1. Among residues other than G230 whose Cβ falls under 10 Å from its Cβ, what is the net charge (Lys/Arg +1, Asp/Glu -1)?
2. For K348, go through the aspartates and glutamates and keep the ones whose alpha-carbon is under 19 Å away, minus same-chain ones fewer than eight residues off.
3. Hey, what did the range 58-295 get for relative contact order, percent, Cα under 8 Å, at least 6 apart?
4. Which of the peptides 35-48, 362-375 is most tightly packed, and how do the rest follow, judged by the mean count of other Cβ atoms within 10 Å per residue?
5. Could you please report the charge total around Y185, scoring K, R as +1 and D, E as -1 over all other residues with beta-carbon less than 12 angstrom from its beta-carbon?
6. Under 12 Å from the Cα of K247, which aspartates and glutamates turn up, not counting those fewer than eight places away in the same chain?
7. Once Rh for the range 140-187 is found with the Kirkwood sum over Cα pairs, what is the Stokes-Einstein diffusion coefficient at 25 °C and 0.890 mPa s, in µm²/s?
8. I need the per residue convex hull volume for the range 3-121, using only the alpha carbons, in cubic angstrom as a whole number.
Amino acid sequence: MRDRAAGSPVSSLPRSPYLRDLPPYPFAHLDALRAELEATGKDVIDLGMGEPGLPTPTFIEEALVAHLREGSRYPRAVGLSLLREAAAGWVERRYGVRLDPVLDVLPCNGPKEAIFNLPLAVVDPVERPLVLVPDPAYPVYELGARAAGAEVVRIPLPAARGHLPDLDAVPENVWNRAALLWINYPNNPTGTGAPLAFLEQAAALCRRHGVLLASDEAYADIYFGDPPPGALQTGTENVVVLHTLSKRSAMPGYRSGFLAGDVRLVAALRRVRPGVGVATPGFVQHAAAAAWNEDSHVAGIRDVFRRRRDRAVERLRRAGCPLRVPEGTFYLWLPVPEGNEAAGFAAKCLALGVVVLPGSALGEGGEGWVRLALTVPDDRLDEALARLAVLFV
């Protein structure tokens, strides 16, 4: 092949190992499958994407609009003080933990951005090259680790243990080479919670071995019993948590969350993030502050997902699916019928016009399961459940 302008051979571009080994992002793949099927005229119900699908509360939208005319300036990566104060205030109300909004809190463009960039602040590819990631799990834990030059060690979440990892089974030599341990409760994809005793154990092990405990608590306010505990209740030393408004306040398009915890880690990320260019627009920060300062709207969002959870569990169990009732999130984690693999069963669901996420897309530990997101209106959810019921007979 030659360059048509100069007539010279076209040279190849360098390829990074990260890009060479990068698997398809599962949710982008689901989008492509859905679009392909819809192009044939098929009625498709998408239970694959974890997007709440609910309107953002009006008072949040009003706060956004009210600050649109303040002029366009480069936002600072450290975020507005009013947003840091609102986040710290919510943490104190929710967990009884007092944070310094200047030193302990850092706004981010949703946890996804912070999850990807956090390993840049802690991974040493020579001395501390390991990142411990639950299996199955949100793919970005691994993507961010590999981009920072880390090696990923997958920690199983067996159903027999309530989808809690056995941290005592992690070898001492792995702990001593680890930089970071990821946990996520209420858990995506399984919907299970973790007791405070588990969080205390995880924090103690990380402190003992000089590892950072990163607790992704995106679903902290989507629960159906008592409010779940948070990792900051174990102290901030060697602990950082990530929170988001995407689920809590139905704000996925705003891309707003925060990271909080160990002052050393927050300071390190304050150095990393300006160069990455991920500062949140000011008007979004004002809307986010309004959302963190107001708690009553979250009860209505929880009620929607509780009703959908109960409705879906009852219908699927009646169809013969032995699923566990989730304690939080807006997902159902379904064991596939005997004789099926996750991807094959997801394909059968797709043939019926229902998009689900095969658990194997989230790691080897997800094989034998599929995830359903309860994020469509009730009538569409009922239709999806009716279609899926025939697969469990």
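Here, each number is a calculation from the coordinates, and none is a lab measurement. Predicted model only: the values in this text are computed from it and were never measured. Quick reminder, even Gly has a Cβ in these numbers, built from the backbone with ideal geometry, and neighbours come from all protein chains shown.
1. Combined, the nearby Lys, Arg, Asp and Glu give 0.
2. D31, E36, E38, D43, D46, E338, E367, D382, E383
3. Relative contact order comes out at 30 percent.
4. The packing order, highest mean first, is 362-375, 35-48.
5. Net charge around Y185: -3.
6. Within reach: E51, E217, D221.
7. 203
8. With only Cα atoms used, the range 3-121 gives 299 Å³ per residue.
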